[in-house]
Amino acid sequence: MRLLTRCFLTALTALTACTALAGSQDGALDIYWIDSEGGGSTLVVTPLGESVLFDAGNPGGRDPGRIHKVATEVAKLKQIDHLIVTHFHIDHYGGAAELGALMPIVHLWDNGLPDADPDGNRQSNWQLASKAYRELKAQRHTVKAGLKLPLRVSAGDLLLELNCVLARQMAGTPRFAPRTPTEKPLPAQPVDTSDNANSSAWVLQFGDFRFYDGGDLTWNSEAKLVQPTILVPEVDVYQVTHHGFAVSNHPQLVRALNPTVSVMNNSPTKGSAAEVFATLRSLPSLKAQYQVHRNSRPDGSTNNCPDAFIANRAEKCEAHPIHCKVHPDADKFTFSIPAHGHTATYIVRKK
């Protein structure tokens, strides 16, 4: 009887693991930029069907519902294996608890729970606003620079790593070959006392393909990744930092990353700064720019990419996602906006 019970439990454990690893498992790597109206929500699904969500948008039902729809209906996931909250602003952590009520969140990675508003606002209602997040049931972990997220891999598969390159304004020992900058440091900006400066920054690698997500890092923190030593590699896809604000997207960091494609998770009236567009458009390597939303401010005629590369063109939108599929051999990657029929394939640069 004990042997039968043990065999049953072993089989049940294996079945549970297989069930949890949903997704297409087609050997490709998928990245989805989900419309959280200027919040953060980027979903990664590995070749084995393991999921990593960078940030969970705002509270209030809209963003958690949008994330859940893409995760379950498009990516065919049954749970979020890893939720990374890059910093404690409500447009990044706010939807986590509601998403957790819609589907299981197994591991939660953040900077550790602060005792008070990390922006230092003494009259803040941060304790009340963050209560649901602080009570979210998940296996909690504190992020540190140099951390390699424990992703599942199979023997003989291409290299798959997700590395934290900066956390709480501290850089870790680089996992990528450090480079010597050829530019003199740019002047620092005024000290950013908000928690944006403490955002964690990550590099995802699959074979030769690389993707950078820096949360809402701001200028002075970003500078630590390029001065006095360049601690980041060149990448294929750059998630435009902080929704495209000019207090972020340090030009020397963007040039060091040297992306082929950029993706901006903005809103109709948030982000999309002219200075950021100028930096991106100056890159000889850049083949395409994508936006989750069209910028509808008066400067929108210049601070937008062409319509074909914008997922949501109207202010009141249907929350269309942007999808990047890295092919199983990691030799090329295809961007698509299914709602509009756009598709384009780019070559992965040998690193």
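Here are the numbers:
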quantity	calculated
One residue from Ala177, Ala132, Ala188 being within 22 Å of Lys351 (Cα to Cα), out of contact with any Ser or Thr (no Cβ under 8 Å at 6 or more places or on another chain) and of a type outside the set (Ser, Thr, Tyr)	Ala177
Selection count where residues are more than 14 Å from the chain's Cα centre (by Cα), buried (at least 23 other Cβ atoms within 10 Å of the Cβ) and under 28 Å from Lys350 (Cβ atoms), scope region 214-229	3
Enumeration of residues in region 295-318 that are of a type in the set (S, T, N, Q) and part of a loop (DSSP other than H, G, I, E, B)	Asn295, Ser296, Thr302, Asn303, Asn304
Among residues of region 105-145, those that are assigned to a loop (DSSP other than H, G, I, E, B), in contact (Cβ under 8 Å) with a residue 12 or more places away in the chain and of a type in the set (S, T, N, Q), counted	2
Looking only at region 162-181, and only at residues there that are assigned to a strand (DSSP E or B) and in contact with a strand residue (DSSP E or B) (Cβ under 7 Å, 6 or more places away or on another chain), the one that is surrounded by the fewest Cβ atoms within 10 Å (Cβ to Cβ)	Arg179
Enumeration of residues in region 179-195 that are farther than 19 Å from Gln252 by Cα and not acidic (Asp, Glu)	Thr193, Ser194
From Arg140, Arg134, residue being within 30 Å of Ala28 (Cα to Cα), among the basic types (Lys, Arg) and either surrounded by 12 or more Cβ atoms within 10 Å (Cβ to Cβ) or more than 16 Å from the chain's Cα centre (by Cα) (or both)	Arg140
Pick from region 319-348, criterion in a loop (DSSP other than H, G, I, E, B) and more than 21 Å from the chain's Cα centre (by Cα), ranking: farthest from Ser285 (Cα to Cα)	Ala339
Flag for Pro233 being under 24 Å from Thr334 (Cα atoms) and part of a loop (DSSP other than H, G, I, E, B)	yes
Residue in region 152-161 that is buried (at least 19 other Cβ atoms within 10 Å of the Cβ), of a type outside the set (Phe, Trp, Tyr), touching a residue at least 40 places away in the same chain (Cβ under 8 Å) and not in a loop (DSSP other than H, G, I, E, B) present	yes
Residue count for region 235-251, restricted to those that are surrounded by fewer than 21 Cβ atoms within 10 Å (Cβ to Cβ) and not aliphatic (A, V, I, L, M)	2
Cβ pairs under 7 Å, 6+ apart, first in region 238-253 and more than 16 Å from Arg281 (Cβ to Cβ), second of a type in the set (S, T, N, Q) and assigned to a helix (DSSP H, G or I)	His242/Asn196; Ser248/Thr241
Subset of region 27-49 [under 30 Å from Asp331 (Cβ atoms) and not in a strand (DSSP E or B)]	Gly27, Ala28, Ile34, Asp35, Gly40, Ser41, Thr46, Pro47, Leu48, Gly49
Any hit, region 20-34, residues being modelled with pLDDT of 95 or more, within 15 Å of the chain's Cα centre (by Cα), farther than 21 Å from Lys148 by Cα and surrounded by 23 or more Cβ atoms within 10 Å (Cβ to Cβ)	yes
Residues satisfying the stated conditions in region 109-147, i.e. of a type in the set (A, V, I, L, M) and under 20 Å from Leu217 (Cβ atoms)	Val143, Ala145, Leu147
Residue check for Ser301: at pLDDT below 95 and farther than 30 Å from Ala188 by Cβ	yes
Residues of region 71-91 classified as surrounded by fewer than 22 Cβ atoms within 10 Å (Cβ to Cβ) and either of a type in the set (Phe, Trp, Tyr) or assigned to a helix (DSSP H, G or I) (or both), total	4
Among (1) surrounded by 20 or more Cβ atoms within 10 Å (Cβ to Cβ); (2) touching a residue at least 60 places away in the same chain (Cβ under 8 Å); (3) among the polar types (S, T, N, Q); (4) out of contact with any His (no Cβ under 6 Å at 6 or more places or on another chain), the one test that Ser194 misses	(1)
Complete set of residues in region 50-70 that are surrounded by fewer than 17 Cβ atoms within 10 Å (Cβ to Cβ) and part of a loop (DSSP other than H, G, I, E, B)	Gly60, Gly61
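Every residue, every condition in (1) touching a Phe, Trp or Tyr at 6+ places or on another chain (Cβ under 9 Å); (2) free of Cβ contacts under 8 Å to residues at least 60 places away in the same chain, yes or no:
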site: Asn265; (1), (2): yes, no
site: Pro284; (1), (2): no, yes
site: Gln291; (1), (2): yes, yes
site: Phe335; (1), (2): yes, no
site: Pro338; (1), (2): no, yes
site: Thr343; (1), (2): yes, yes
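The values are calculated or read from the model by the stated rules, or taken from the named source; none is laboratory data. These numbers come from a predicted model, not from an experiment. Reconstructed Cβ throughout: ideal geometry from the backbone, glycine too, with neighbour counts over all protein chains shown.
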